[in-house]
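To start, the structure itself, in structure tokens.
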């Protein structure tokens, strides 16, 4: 507990900027051409299966936007209509964003007691390797080994770096989870999206064919994080206006409208309720991170309307099931009181997205969004809810 606060501050959404070898240090040699950095007009770009990706414009992270530089933009405050590039205020990447010892010292200065630490690049890789299941799992494991080397999965019981799991091959997903557990992982990451298959089809991760994974999740007591990722939804939007690769920092007006609706997380969580994974495994705990919370009221309303029409299809009201199993980290610019009314004070978590530009420059400033709430609720949102989710 920091001296400045009467409660613990635990951040559900901190980020590292990976080093350039994070995905290649342990990648088997046979995949060296499948994922590599290439020079394009004097700049390093990430090439995956022969295609150069622009989703992350500077994947080396040698130069990054200033933390919090886009916070006002995401609050709808941009009277001059500047682009994200114009607002970025680029800086050299500090070592605190790459090393856990220095990050911990920074957290002390920020008044942050603990944090779940997510990667920055990982969320876009599975979508770009989905045509090659073996490559997906090789890259995932290579990253996890790097993460264990450079950050560990539990740094002094205060920084919990999150290894990734792919379920493209369910058996390999189970094996990866076993490895993560053996190496002390406190929580793991899956993509909030349908699980792709090489034939171009996909399946809900909540269907029984993935039960071996969820059985191990439940029996081990580990929690699962669904951090915002490239869920592949751009293919649906391309049906309306064309387009190529998802580029979250250069959205067209149409894509801006649709992504504001958070369809991928809405659909993912609807699938988790509809496909019964929480009924089969009542001990599961899911964290929904950097997907906002504006979708929650709509989802609860849909659950209620369908339940009242077809109660015989459910063993329990889906809203009750959801509130028991799912913790949500809203965006700092959203209405906290409304989300707490929707989900309950026990299921909303503070997350700053630090040091990303769309997040908060000072993580603990999130408490300002909770000024009108009871002290007990503030303490839950700022720390104890996350600790419950990850089993501290």
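What follows draws every value from the coordinates through simple rules; no lab data is involved. Everything numeric here is computed off the predicted structure, so don't read it as measured data. Backbone-built Cβ (ideal geometry, glycine too); neighbour counts: all protein chains shown.
Defining a contact as two alpha carbons under 8 Å apart and six or more residues distant in sequence, what relative contact order in percent does the chain show?
Dividing the mean separation by the residue count of the chain yields 21 percent.
Please work out the FRET efficiency for the pair residue 109 and residue 131, using the Cβ-Cβ distance as r and a Förster radius of 56 Å; give the result to the nearest 0.05.
The computed FRET efficiency comes out at 0.80.
Region 162-289: Rg/Rh from Cα coordinates, Kirkwood Rh? Could the numbers behind the result be given before it?
Numbers: Rg = 15.6 Å, Rh = 15.7 Å.
Rounded to two decimals, Rg/Rh equals 1.00.
May I have the pair-distance distribution P(r) for region 95-155, computed from all Cα-Cα distances with 10 Å bins from 0 and rounded to whole percent?
Going from the shortest bin to the longest, the percentages are 19, 43, 25, 12, 1.
Apply 1/(1 + (r/R0)^6) to the Cβ-Cβ distance of residue 199 and residue 6, taking R0 = 51 Å, and write down the FRET efficiency to the nearest 0.05. Each step should come with its number before you reach the end.
Working: r = 55 Å, r/R0 = 1.09.
Calculated transfer efficiency: 0.40.
Between residue 41 and residue 19, what is the label-to-label distance in nm when each label sits 7 Å out along the Cα-to-Cβ direction?
About 3.0 nm, to one decimal.
What FRET efficiency do you get for residue 320 and residue 376 if R0 is 30 Å and r is their Cβ-Cβ distance, rounded to the nearest 0.05?
Between residue 320 and residue 376 the formula returns 0.85.
Kindly identify region 1-153 as rounded, prolate or oblate by the Cα gyration tensor criterion: order the square roots of the eigenvalues as a ≥ b ≥ c, call it rounded if a/c is under 1.5, otherwise compare a/b with b/c, prolate if a/b is larger, else oblate.
Oblate is the answer for region 1-153, as a/c is 1.5 or above yet b/c matches or exceeds a/b.
For the ranges 114-120, 15-21, what's the packing order if you count other beta-carbon atoms within 10 Å of each residue, average per peptide, and put the highest first? Don't skip to the answer; put the middle values down first.
Details: 114-120: 23.9, 15-21: 18.6.
Per-residue mean Cβ counts within 10 Å order the peptides as 114-120, 15-21.
Where the eigenvalues come from the Cα gyration tensor of region 178-229, what are the semi-axes √(5λ) of the equivalent ellipsoid, largest first, in whole Å?
Working through the eigenvalues yields semi-axes of 22, 13, 10 Å.
Please list, short to long, the whole-number percent of alpha-carbon pairs of the chain in consecutive 10 angstrom bins beginning at zero.
5, 23, 35, 28, 9, 1, 0
Place the peptides 210-220, 76-86 in order of packing, highest mean first, counting for every residue the other Cβ atoms within 10 Å and averaging per peptide.
The packing order, highest mean first, is 210-220, 76-86.
Can you give the extra length, in nm with one decimal, that the chain gains between residue 152 and residue 219 once fully stretched, where that is 0.36 nm per residue apart less the Cα-Cα distance?
Between residue 152 and residue 219, full extension yields 21.8 nm more.
When the Cα centres of region 248-325 and region 4-64 are compared, how far apart do they sit, in Å?
29
Rounded, prolate or oblate: which fits region 1-86, taking a ≥ b ≥ c as square roots of the Cα gyration tensor eigenvalues, rounded meaning a/c under 1.5, else prolate when a/b beats b/c?
It comes out oblate by the Cα gyration axes.
Evaluate the distance, in nm, between pseudo-label points positioned 7 Å from the Cα of residue 95 and of residue 171 along their respective Cα→Cβ axes.
Using points 7 Å along Cα→Cβ, the separation is 4.6 nm.
Compute the distance in nm between two label points, each set 7 Å from the Cα along the Cα-to-Cβ direction, one at residue 78 and one at residue 66.
1.7
Tell me what the chain gives for mean residue ellipticity at 222 nm when only DSSP H runs of n ≥ 4 count, each as -39,500 (n - 2.57), the sum divided by the residue total, rounded to 500 deg cm²/dmol.
The helix contribution divided over the chain gives -9500 deg cm²/dmol.
Would you work out if region 303-392 is rounded, prolate or oblate? Take a ≥ b ≥ c from the square roots of the eigenvalues of the alpha-carbon gyration tensor; rounded if a/c is under 1.5, else prolate when a/b is larger than b/c, oblate otherwise.
Since a/c reaches 1.5 and a/b is larger than b/c, the shape of region 303-392 is classed as prolate.
Order these by the 10 Å Cβ neighbour count, fewest first: 349, 382.
Least crowded to most crowded, the residues run 382, 349.
Using a 10 Å cut-off on Cβ atoms, rank the peptides 301-314, 353-366, 23-36 from the highest mean neighbour count down.
Per-residue Cβ counts within 10 Å, averaged per peptide and sorted highest first, yield 353-366, 23-36, 301-314.
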